[in-house]
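The values are calculated or read from the model by the stated rules, or taken from the named source; none is laboratory data. Owing to the predicted nature of the structure, the values given are computational and were not obtained by experimental measurement. Methodologically, a virtual Cβ is constructed for each residue, glycine included, from the backbone with ideal geometry; neighbour enumeration extends over all protein chains shown.
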Amino acid sequence: MNKKLVSFFLFSFLTGMFSSGSPALAGDLYSWGKHIAEAGNGMPGNTACMECHRLKGGGMPSIGAPRIAGQTLQYIQREITEVQKGARYGPVMAGVVQNLSPKDILAVATYYSKVHSPKLRDTETLSPERVSLGKQIAHQGLWKKNIPACVVCHGADGYGVPPLFPYIAGQNRTYLMRQLIAYAFLERKDDPQGLMRGIAKRLSPQERKAVAEYFSSLKPPYSGSR
Ligand code: HEC
Ligand code: HEC
């Protein structure tokens with residue numbers, strides 16, 4: 001493992017360690033978070049998350065809104081905060097999270113980190129050839145192009161490595177494609193140490209499609225009933 005990775009793992013571990021709260025407080029946060037998900041926080045411009053992510057966090061494949069059910073509290077909290085600061089590419093999210101307070105963000109992250117949702121159908125059919133190329137890249141990487149296997153960081157089954165390596169298995173295809181393009185060419189520039197930017201740039205358009213189709217074909221974590 002290289003130095004960058006070691007320091008990022010350490011960073012992930014430390015942020016994980018300092019962010020757990022007491023159980024009573026966690027209960028209140030969960031209820032307030034669910035309220036925000038259903039109805040917003042009452043401030044102007046704040047839209048209920050469920051309009052795009054659904055109440056159970058399954059997302060909306062038709063518009064490329066991501067599945068967020070069971071992503072970690074720390075990851076969800078970080079992504080929203082970064083969008084608010086303008087540090088993370090999020091053209092749609094930028095319009096709806098400006099009026100969330102740090103406590104609102106913690107609450108809604110607590111809520112969505114605990115919900116389960118079945119995988120929702122993708123709008124397009126996948127190509128078996130691309131899925132198989134994607135599988136190969138995901139598990140073996142493309143060493144000639146200096147692309148490590150995706151599972152090194154996203155977990156053996158694409159289920160993520162808490163707290164800051166998100167799960168990507170079962171995520172919708174449109175969202176995955178948009179993120180790879182955003183890392184490669186647009187303004188998604190807050191990934192630690194530029195790890196994802198470099199990888200996304202080195203993948204060819206065909207390879208980006210292939211990995212997006214492969215991961216979207218998998219069963220997502222947190223898909224059971226709850
Ligand atoms: C109008 C639709 C819409 C609403 C409302 C919305 N989102 Fe999003 N969300 C998106 C889209 C689309 C993205 C992908 C980034 C972008 O295009 O802005 C996203 C991205 C995210 C991400 C990043 C997921 C990842 O895997 O990195 C999180 C977390 C998130 N939203 C949480 C929320 C929460 C919490 C709320 C409510 C406070 C909310 N969103 C409201 C559409 C929406
Ligand atoms: C060296 C570690 C590492 C490797 C290898 C890696 N990733 Fe990532 N990936 C990350 C990190 C860290 C993030 C979260 C970055 C952020 O917050 O923007 C991420 C984020 C992503 C996202 C956005 C997820 C979301 O919910 O928004 C996608 C899609 C993704 N990676 C796909 C891939 C694919 C496909 C591969 C293999 C070709 C891969 N990654 C290899 C570390 C890695």
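Please find, within region 165-190, the residue that is farthest from residue 222 (Cα to Cα) out of those that are aromatic (Phe, Trp, Tyr) and surrounded by fewer than 23 Cβ atoms within 10 Å (Cβ to Cβ).
185
Could you list all residues from region 198-217 that are within 15 Å of ligand 1 (Cβ to nearest atom) and without any contact (Cβ under 8 Å) to a residue 40 or more places away in the chain?
Matches in region 198-217: 200 only.
Looking at region 54-80 only, could you name the residues that are more than 9 Å from ligand 1 (Cβ to nearest atom) and either in contact with an Asp or Glu (Cβ under 6 Å, 6 or more places away or on another chain) or closer than 15 Å to residue 41 by Cβ (or both)?
61
Counting only residues that are aliphatic (A, V, I, L, M) and buried (at least 22 other Cβ atoms within 10 Å of the Cβ), which one in region 63-76 is nearest to residue 177 (Cα to Cα)?
Among residues in region 63-76 that are aliphatic (A, V, I, L, M) and buried (at least 22 other Cβ atoms within 10 Å of the Cβ), the one nearest to residue 177 (Cα to Cα) is 68.
For region 145-162, does any single residue satisfy the condition of being under 18 Å from residue 180 (Cβ atoms), within 13 Å of ligand 1 (Cβ to nearest atom) and part of a loop (DSSP other than H, G, I, E, B)?
Checked region 145-162: at least one residue is under 18 Å from residue 180 (Cβ atoms), within 13 Å of ligand 1 (Cβ to nearest atom) and part of a loop (DSSP other than H, G, I, E, B).
What tally of residues in region 47-82 results from selecting those that are closer than 20 Å to residue 29 by Cβ and hydrophobic (A, V, I, L, M, F, W, C)?
9
Out of 183, 167, I need the residue that is within 13 Å of ligand 1 (Cβ to nearest atom), of a type in the set (Phe, Trp, Tyr) and more than 23 Å from residue 121 (Cα to Cα). Which one?
Within the list 183, 167, the selection yields 183.
Could you tell me which residue of region 212-226 is farthest from ligand 2 (Cβ to nearest atom), considering only residues that are outside any loop (DSSP other than H, G, I, E, B) and under 15 Å from the mean Cα position of the chain (by Cα)?
So the residue we want is 216.
Select from region 119-156 the residues that are more than 13 Å from ligand 2 (Cβ to nearest atom), under 29 Å from residue 78 (Cβ atoms) and surrounded by 15 or more Cβ atoms within 10 Å (Cβ to Cβ) and list them in ascending order.
119, 120, 122
Test each condition in (1) touching a residue at least 40 places away in the same chain (Cβ under 8 Å); (2) crowded, with 20+ Cβ neighbours inside 10 Å for residue 79 and report the one that comes out false.
All conditions pass for residue 79, except number (1).
Considering each residue of region 50-100, count those that are among the basic types (Lys, Arg) and either assigned by TED's automatic domain parsing to the domain that holds residue 177 or more than 11 Å from ligand 2 (Cβ to nearest atom) (or both), and give that number.
Residues flagged as among the basic types (Lys, Arg) and either assigned by TED's automatic domain parsing to the domain that holds residue 177 or more than 11 Å from ligand 2 (Cβ to nearest atom) (or both) within region 50-100 amount to 3.
For residue 175, all conditions in the list (1) in a helix (DSSP H, G or I); (2) away from ligand 2 (no atom under 15 Å from the Cβ); (3) under 15 Å from residue 212 (Cα atoms) hold save one; what is the number of the exception?
That leaves (2) as the condition not met.
Among the candidates 110, 125, which residue alone is within 16 Å of ligand 1 (Cβ to nearest atom) and either at pLDDT below 95 or under 22 Å from residue 60 (Cα atoms) (or both)?
110
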